[in-house]
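The values are calculated or read from the model by the stated rules, or taken from the named source; none is laboratory data. Just so you know, these numbers come straight off a predicted model, no measurement behind them. Every residue, glycine among them, receives a Cβ derived from its backbone with ideal geometry; neighbour counts consider all protein chains shown.
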Amino acid sequence: MVSTPGGVVVTSFEQLAAQRPQNIDQALPCMRRMLQHFHEHNDYRAVFLRAYYIITLNVHAAVHQRGDYQRPIFFDSAWINSLGGKFASLYFQSLGTLERDPGAERAWKLAHQMAQDKASTVIQDLMLGLNAHINYDLAYGIQLNLREHGDGQDHLLLPRRKFDHDQVNNILVRSTPQIAATLTRDYGGAIAFLDTVMHRLDDHLSEAGLKYYRERVWWNAISFLTTQDDEEVELVRAKLDWESGRLADLLADKSSLSLPLRLIGRAIRKEHFEAAPLEPLPEKTPTRTARRAMSPF
């Protein structure tokens, strides 16, 4: 038995999934507890959460100016700290998606179902989770934070928030080698091998892809911010659900043409990882792209 930041004893998956951290400081122990549960049960949903945990650790370091982040990189670290809690809460909420409306949250449903069925490769678990998190959840989380802080009342606040949003993009790019190495060590799947074989190409692809989708996230968040009633909110949600669901279908790729690659991917992933350490491998030296993007370094 463990306790949440509020002192509530957590003993089951349902209680772990009900965690709703308010900020990044609370999010990290909540994620760690869920990772422990996934590892104890050899649950493939650990793959995405592990990557998300590593990213959150690095954002936490930047918020509190620790480790390599000795100088501030955000206009408002408190805003990012609050935003991180909302993102994590949406992730925990997603863990109950299979029990909700079958016609909604399609990206999360596919990500969680494939992982639970052990029908996926490590790369698929990672990419399906990232797609659902970024393309379905993030815009809604951002608009919640914008509304909570009254950011729509001053036109000069939104560009400041956008700057901080873009700085997180750079942390994500910087985290990519660490994620690849940690997931390969603990779950197999040869992500780190692909990272080595492709040399710098994967750096550019990950940076371009992350920034492209997170740029769309920002403008979808602004669309949420302009809504005038619940019907309009659902209109934006439906758009994101369709777009993220369509991409999830592509990432799942159950066609006969991809069968050999999927079989190989499943063969080289680890089936048992209950003893895997929860802490990630140390960060590698940042790529030239990341160093150039992260001005404080």
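Some notes on this structure:
- Unique match (being among the hydrophobic types (A, V, I, L, M, F, W, C), more than 16 Å from the chain's Cα centre (by Cα) and either closer than 26 Å to Gln26 by Cβ or not in a helix (DSSP H, G or I) (or both)) among Phe92, Phe75, Phe87: Phe75
- Filtering segment 197-239 to residues that are among the hydroxyl-bearing types (Ser, Thr, Tyr) and either touching an Asp or Glu at 6+ places or on another chain (Cβ under 9 Å) or at pLDDT 65 or above (or both) leaves Tyr212, Tyr213, Ser223, Thr226, Thr227.
- Matching entry among Arg185, Arg106, Arg161 (being touching a residue at least 60 places away in the same chain (Cβ under 8 Å) and touching a Gly at 6+ places or on another chain (Cβ under 6 Å)): Arg106
- Segment 116-135, subset assigned to a helix (DSSP H, G or I) and either touching a strand residue (DSSP E or B) at 6+ places or on another chain (Cβ under 8 Å) or polar (S, T, N, Q) (or both), residue farthest from Leu251 (Cα to Cα): Gln116
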